[in-house]
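The values are calculated or read from the model by the stated rules, or taken from the named source; none is laboratory data. Fair warning: this is a prediction, and the values are worked out from it, not measured in the lab. Ideal geometry is used to build each Cβ from the backbone, glycine not excepted, and the neighbour counts take in all protein chains shown.
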Amino acid sequence: MLTTQDFTELPEGLVIPLEGAVERCPRCGRNGIEEGQSAGASFFVHVQTCEVMGDGMLTQPSDCCMLPGVSPN
């Protein structure tokens, strides 16, 4: 089963269990959820897809912004 989560339409301050709080992206101004360090990069996720698999759930950002001052590797 594949689902899409669009955080841009959610109000600022709303807490999504297992994801975090919806905040305004400092780069583009749209709402999203800040992801911590992932392979040395911080980013804001605006839209993500989730797929339930037999051994767990695969979550991948489909629309995100790299935070200023962080270079992707």
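Details
- Residue that is farthest from residue 24 (Cα to Cα), among those in segment 41-64 that are touching a residue at least 40 places away in the same chain (Cβ under 8 Å) and polar (S, T, N, Q): 49
- Top-ranked residue of segment 34-55 - restricted to ones that are within 20 Å of residue 2 (Cα to Cα) and of a type in the set (A, V, I, L, M), ranked as modelled with the lowest pLDDT: 53
- Among the residues of segment 13-23, those identified as surrounded by fewer than 12 Cβ atoms within 10 Å (Cβ to Cβ) and either among the charged types (D, E, K, R) or part of a loop (DSSP other than H, G, I, E, B) (or both) are 13, 17, 18.
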